[in-house]
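Asks: My questions all concern the structure below.
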């Protein structure tokens, strides 16, 4: 009996994850205004009843999408941060991460930012958005010396990413690196 129960739990967790991935896909394609249980069910290739069973409201769907977006983004940040060696160029790391997010991961990044910004209007999303911010600060802090410097860097990265996504032009790495180097120097006192 235990293994069938475990199997059902695992299938339920996987179904929830598939639905959360579909939320990001739907928002990437249709924007938040186009987010419906029906579209998510179609994108996840599950019955409509599965989306409403696991996520009763649109807020629940948005929370699941935002949490998955944060998880994926933070995993990438952790992986690259762990690969940094002492003396590595932090400004280049932050520049390249930002450029990768707005080019290689452009569509999912747009969806993730829409979900994140929806926390302004939807209080249910705020805890997930704030956790994302706090964990990102924790990843960057060891490389800048303290949490407040990391928080300022995160604010700058967020603003830069939105600006790059809005512009639609290819990012100018040299220009971004120059500005990021100035930011890192001012935050670290070097």
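Asks: Only Cα pairs under 8 Å and at least 6 apart count here; give the relative contact order of the stretch 2-188 as a rounded whole percent.
Replies: 23
Asks: Now a separate question. Given a cut-off of 29 Å, what percent of all Cα-Cα pairs of the chain lie beyond it?
Replies: Every Cα pair in the chain considered, those over 29 Å come to 30 percent.
Asks: Using the 10 angstrom Cβ neighbour count as an exposure proxy, how do 186, 181, 169, 50 rank, fewest first?
Replies: 169, 186, 181, 50
Asks: Moving to a separate point now. Could you work out the relative contact order of the stretch 113-190, using alpha carbon pairs under 8 angstrom and six or more residues apart, expressed as a whole percent?
Replies: 22
Asks: What's the exposure ranking of 93, 105, 132, 155, going from fewest to most Cβ atoms within 10 Å?
Replies: Placing the least packed residue first, the sequence is 155, 105, 93, 132.
Asks: Return one number: the angle in degrees, 0 to 90 and rounded to the nearest 10, between the long axis of the Cα atoms of helix 58-82 and the longest principal axis of the Cα atoms of the chain.
Replies: On a 0 to 90 degree scale, this one is about 40.
Asks: Turning to a different aspect of this structure: Sort the stretch 98-190 into rounded, prolate or oblate with this rule: let a ≥ b ≥ c be the square roots of the eigenvalues of the Cα gyration tensor; rounded if a/c is under 1.5, and if a/c is not under 1.5, prolate when a/b is larger than b/c, oblate otherwise.
Replies: It comes out oblate by the Cα gyration axes.
Asks: If you don't mind, there's one more thing I want to ask. Would you order 46, 102 from fewest to most other beta-carbon atoms within 10 Å of each residue's own beta-carbon?
Replies: Lowest to highest Cβ neighbour count: 46, 102.
Asks: Here is a follow-up. Quick one: in the stretch 43-115, what % of C-alpha pairs are over 14 Å apart?
Replies: When all Cα pairs of the stretch 43-115 are counted, 70 percent exceed 14 Å.
Asks: Measuring from label point to label point, each 7 Å out along Cα→Cβ, what is the residue 146 to residue 120 span in nm?
Replies: The modelled label-to-label distance comes out at 3.0 nm.
Laboratory data are not the source of any read-out in this text; all were calculated from the coordinates shown. Note that the structure is predicted; figures quoted are calculated from it, not measured. Cβ sites come from the backbone with ideal geometry, for glycine too, and all protein chains shown count toward neighbours.
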